[in-house]
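Heads up, the thing below is written out as structure tokens.
The values are calculated or read from the model by the stated rules, or taken from the named source; none is laboratory data. Fair warning: this is a prediction, and the values are worked out from it, not measured in the lab. Cβ atoms come from the backbone with ideal geometry, glycine included; neighbour counts cover every protein chain shown. Side chains are part of the model used for accessible areas, which takes the heavy atoms of the whole protein and leaves out ligands, DNA and RNA. Shrake-Rupley method; radii C 1.70, N 1.55, O 1.52, S 1.80 Å.
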Amino acid sequence: MYLYHMGDGRSLLYIETQGGCELSALDVTDPAKITAVTKTQLATKKAFDFVQDVGDGGALIRYRDGSGVALLSFRKYRHPVLADRPILDRANASETLGGAGLLLSSNDVVSNPIGDPRNYKVLDTSDASQPGLLASVPAVKQRLSKPDTGTLFLLNADGVTVVRQLQVERENEIDLDSQGGN
């Protein structure tokens, strides 16, 4: 199940049914008057679980068979769209980056049986139905983050990749200015 809060005050409860082939939506804004909204056929034949919010209009789902993840866009709330893209394949961990980014990681067990290092992909999810690949960073040996600015540092054999979150940086700068009396 996934609870989606629409911008107009309504709340929809989406339920994965039919082994992942169908998504039902209920309007649960008023718990005393729950109504069916729609049933949408999805372009998948795999059962899935909702993992996390992605931006303002999407959710990350993970297939129960372990085959990967996909993005579900609620831009058209009556007909959600599944963005099952090759860039989402084999991800086994995810986290949001600000309001419109997603960091996926995976282990390439075939070429790296120990399970370390990890491969990372940075995605732009401002349009959850068409996520865009911003960066792919293979074989990351070490990862560090700077929480006050949201900056992420990924180290691999090619050097350091810096992933910035501009909104978090701006908010940090405003906090520092207000603390300094400027």
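Quick rundown of the values:
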{"read-out": "Residues that are open to solvent by less than 40 Å² (accessible area, probe 1.4 Å) and not hydroxyl-bearing (Ser, Thr, Tyr), drawn from region 24-34", "value": "Ala25, Asp27, Val28"}
{"read-out": "Where a residue in region 139-168 is at positive phi and its partner, wherever it lies, is outside any loop (DSSP other than H, G, I, E, B) and of a type in the set (Val, Ile, Thr), with Cβ under 9 Å and at least six apart", "value": "Gly150/Val163; Gly150/Val168"}
{"read-out": "Members of region 104-120 found to be of a type outside the set (D, E, K, R) and at pLDDT below 85, listed by number", "value": "Leu104, Ser105, Ser106, Asn107, Val109, Val110, Ser111, Asn112, Pro113, Ile114, Gly115, Pro117"}
{"read-out": "So Val140, is it open to solvent by less than 30 Å² (accessible area, probe 1.4 Å) and over 19 Å from the mean Cα position of the chain (by Cα)", "value": "yes"}
{"read-out": "Positions within region 25-53 being of a type outside the set (Lys, Arg), over 19 Å from the mean Cα position of the chain (by Cα) and part of a strand (DSSP E or B), in sequence order", "value": "Ala25, Leu26, Asp27, Thr35, Ala36, Val37, Thr38, Thr40, Gln41"}
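Residue-by-condition table, conditions (1) farther than 22 Å from Lys46 by Cα; (2) outside any strand (DSSP E or B); (3) over 14 Å from the mean Cα position of the chain (by Cα); (4) at pLDDT 85 or above:
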{"residue": "Arg78", "(1), (2), (3), (4)": "no, yes, yes, yes"}
{"residue": "Ala91", "(1), (2), (3), (4)": "no, yes, no, no"}
{"residue": "Ala128", "(1), (2), (3), (4)": "no, yes, no, no"}
{"residue": "Ser136", "(1), (2), (3), (4)": "yes, no, yes, yes"}
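Quick grid of which residues meet (1) modelled with pLDDT of 95 or more; (2) in contact with a Lys or Arg (Cβ under 8 Å, 6 or more places away or on another chain); (3) surrounded by 20 or more Cβ atoms within 10 Å (Cβ to Cβ); (4) within 22 Å of Gly101 (Cβ to Cβ):
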residue: Gly7; (1), (2), (3), (4): no, no, no, yes
residue: Arg10; (1), (2), (3), (4): no, no, no, no
residue: Gln18; (1), (2), (3), (4): no, no, no, no
residue: Glu22; (1), (2), (3), (4): no, yes, no, no
residue: Ala36; (1), (2), (3), (4): yes, no, no, no
residue: Leu42; (1), (2), (3), (4): no, no, yes, no
residue: Lys45; (1), (2), (3), (4): no, no, no, no
residue: Asp49; (1), (2), (3), (4): no, yes, no, yes
